[in-house]
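Here's the structure we're looking at; comments come further down.
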Amino acid sequence: MNAALPLTAPAETRRLLPEALLRSFDTPGPRYTSYPTADRFSDDFGPVNVIRALLQRVRHTREHAQEPLSVYVHIPFCESVCYYCACNKVITKHHDRAAEYLDALESEIGLVASVLGAGQPVSQLHFGGGSPTFLSDAELARVFDTLQRAFRITADAEVSIEVDPRTVTPARLAHLRQLGFNRISFGVQDFDAQVQKAVHRVQPLESVRVLMQAARELGFASINADLIYGLPRQTPESFATTVQQIGELKPDRIALYAYAHLPQRFKPQRRIDAAELPPASQRVAMLGGAIAGFLDRGYCYVGMDHFALEDDALAIAKREGRLHRNFQGYSTQPDCDLIGLGVSAIGRIGGSFYQNAKALPEYYETLRRGQLPVVRGLLSSPDDLVRRDVIMALMCQGRVEFEAIERAHPICMREYFADEIERLAPLAQAGLVELEPGAVQVTEAGWYLVRAVAMTFDRHLKRNPAPERFSRIV
Ligand code: SF4
C-alpha cells in the first residue's frame, strides 16, 4: 500500500477514482475510530465496570512497564450554533456557566486519579467540543492545572486543541501555547461567504489567515484545518476556490469531511434549506476535485478524509506503516488507554469502552453523588478483539496479513472469515482490494474508500445495519 501513495496528478486521481466508482459508494458507513463503534454501547455498562477496568490497568502496570495514557477533555459550550452541527454541545452566551462545569470536571478528574493513582504518564492530551476556547484563558489554565496535578503530562506529549477561529485572537493562541498546547486544529469548513451564511458560521478568510500565521510563529508543531463538503450553496466551483485558498494557507494537515444531512437526528440541521444542498453528483465532483487539488499542492493522502504535507509526522508515519487510529482519527502514537473526561466523552481501558452522560444535568448529578458519570459502554468479546485487529490493520496499513492475526488470536483466518472473504469479491472486482492467498491488500483506489472494505468485517453491522446513523463514505 505504501508504495502506491502518494498520488501526484489530478488526472491520475480521476483515472483511479472515476465518478461512477465514487457514486457507487455514496452510502453511509462507520468511521471506525473504534471497533466496535460507539453506537453499539449498551446501558448495562456503567461506573462499576469502568472502575473494574481501571483497577485491572493498575494491576497490569504494576507487573509490566507503565504504558502512557491518552486523555480527552470535552468542553461542550458554543456561543452560537452552526446549522450543520452534529456534535454534543450546549449553545449559550452565558460564560458564567463554565464555572459549574469546571467544578464537575475537577470532581471527575479527582475520581479517576483516586483509582489510578496520581501521576500516571499522559502522552496525548486533546481538548475538543463544543468549543474548548469558549473557556477564558484563566479557565483553560485552571483545567490544565487540575490535569497536571492528577496526571504527569510527559515532556514529548502531543497536546492538542480544537479552535473555533471566531473565538480566539493571536494573543489567545499565545496563551494556549504557553499552557503547553503544541497542536492546533482550526474549524474552517468553507471560505465562501454564501455558504458561511447558509450554515450560520461567518469567519472571513483573512481572520483565519492571521490566526494560522500566528500559530506558525508561535511554534505549534502541527496546524490542522477542517473542511466540509456537501454543505448548502456549495458548488464544485466554489469549493475548488476554498481548496485553493486553504492550499495557500498551507496548514500541515487537512481533514475533509462529508456533510451528512440528518435533520431528524440533529436539530440544528433543520435550519438548513434542503433545496440548497448540492446533489450527489456535485458532492462527488467536490470530493474528486478536493483530492486532486490537495495532492497537486503537495499534500499526501493519509487515509479516511485526512491529508498531510509530505514532511508532517502523520505523512511520515503513513509512509513507514506506523499509523494508528483512535477516537480523534489517525495518530502517530501507538494505541493506548484513553480516559474520556467531560459530558458525553468516550474512553477506552483495555477492551472496555465507555461513554459519559450526554446531558449536563445528569453529568452534574452523578458527580455530586460521588460517582463516575458513565452511562453506557461495552466489554469487547474475543470476536470483537479479532475483528478490531483486522479492521484497524485495514484502516491504518491498508493490508491485513492473515499470519499476523493468527499469531495474536487462536483462529484460522480463512475459516473464521470465510463469509467475509467471499463478500470481498465484488470489491476486488471493483478494483478496491486484491485477495492474496495469505492477505487482503487494499489497492491505491481502495484506500480512498477503505471503510467500505472494513465494513465487510464488521459483525455488528451485518446483524443490524441501521445505516443512516453514520456519515457518508463519499
Ligand atoms: S460545529 Fe462546532 S462550533 Fe459549531 S455549534 Fe457545533 S460544536 Fe459548536
Could you list, ordered by first residue, the pairs with Cβ atoms under 7 Å in which the first is in the stretch 193-213 and charged (D, E, K, R) and the second is surrounded by 14 or more Cβ atoms within 10 Å (Cβ to Cβ) and modelled with pLDDT of 95 or more, at least 6 apart or interchain? ARG201/CYS82; ARG201/GLN189; ARG209/LEU249
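What strands (runs of 3 or more DSSP E), lying completely within the stretch 93-203, carry at least 1 residues that are aliphatic (A, V, I, L, M) and open to solvent by 30 Å² or more (accessible area, probe 1.4 Å)? Give the steps one after another, and end with the answer.
Details: elements: 120-129, 151-163, 183-189.
Qualifying strands (runs of 3 or more DSSP E): 151-163.
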Selection from the stretch 48-85 of residues within 14 Å of the ligand (Cβ to nearest atom) and not in a loop (DSSP other than H, G, I, E, B) yields HIS74, ILE75, PHE77, CYS78
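Of these, ARG209, ARG233, which one is more than 23 Å from the chain's Cα centre (by Cα), assigned to a helix (DSSP H, G or I) and surrounded by fewer than 21 Cβ atoms within 10 Å (Cβ to Cβ)?
Details: ARG233 fails: assigned to a helix (DSSP H, G or I).
Criteria check complete, one pass: ARG209.
Looking at LEU378, LEU385, LEU372 in this structure, which one is open to solvent by 10 Å² or more (accessible area, probe 1.4 Å), assigned to a loop (DSSP other than H, G, I, E, B) and in contact (Cβ under 8 Å) with a residue 24 or more places away in the chain?
After applying the criteria, what remains is LEU372.
Just to be sure, is ALA255 closer than 24 Å to ALA315 by Cα, within 14 Å of the ligand (Cβ to nearest atom) and either in contact (Cβ under 8 Å) with a residue 40 or more places away in the chain or open to solvent by 10 Å² or more (accessible area, probe 1.4 Å) (or both)? Steps first, please.
Numbers: closer than 24 Å to ALA315 by Cα: yes; within 14 Å of the ligand (Cβ to nearest atom): yes; either in contact (Cβ under 8 Å) with a residue 40 or more places away in the chain or open to solvent by 10 Å² or more (accessible area, probe 1.4 Å) (or both): yes.
Taking the combined requirement at face value, the residue satisfies it.
Among the listed residues ILE228, ILE223, which satisfies the condition of being within 16 Å of the ligand (Cβ to nearest atom) and either out of contact with any helix residue (DSSP H, G or I) (no Cβ under 7 Å at 6 or more places or on another chain) or in a strand (DSSP E or B) (or both)?
On the way: ILE223 fails: within 16 Å of the ligand (Cβ to nearest atom).
Sole residue among the options that is within 16 Å of the ligand (Cβ to nearest atom) and either out of contact with any helix residue (DSSP H, G or I) (no Cβ under 7 Å at 6 or more places or on another chain) or in a strand (DSSP E or B) (or both): ILE228.
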Given (1) open to solvent by 30 Å² or more (accessible area, probe 1.4 Å); (2) part of a helix (DSSP H, G or I), number of the condition PRO410 does not satisfy: (2)
Every listed condition ((1) over 22 Å from the mean Cα position of the chain (by Cα); (2) within 15 Å of the ligand (Cβ to nearest atom); (3) not aliphatic (A, V, I, L, M)) holds for ASN88 save (1)
All but one of (1) open to solvent by 30 Å² or more (accessible area, probe 1.4 Å); (2) charged (D, E, K, R); (3) closer than 21 Å to GLN120 by Cα hold for ARG322; which doesn't? (3)
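The values are calculated or read from the model by the stated rules, or taken from the named source; none is laboratory data. These numbers were taken from a predicted model, which means no experiment stands behind them. Glycine also receives a Cβ, built like all others from the backbone with ideal geometry; neighbour counts cover every protein chain displayed. Remember, those area values only see protein heavy atoms, side chains included, never the ligands or the DNA or RNA. Shrake-Rupley method; radii C 1.70, N 1.55, O 1.52, S 1.80 Å.
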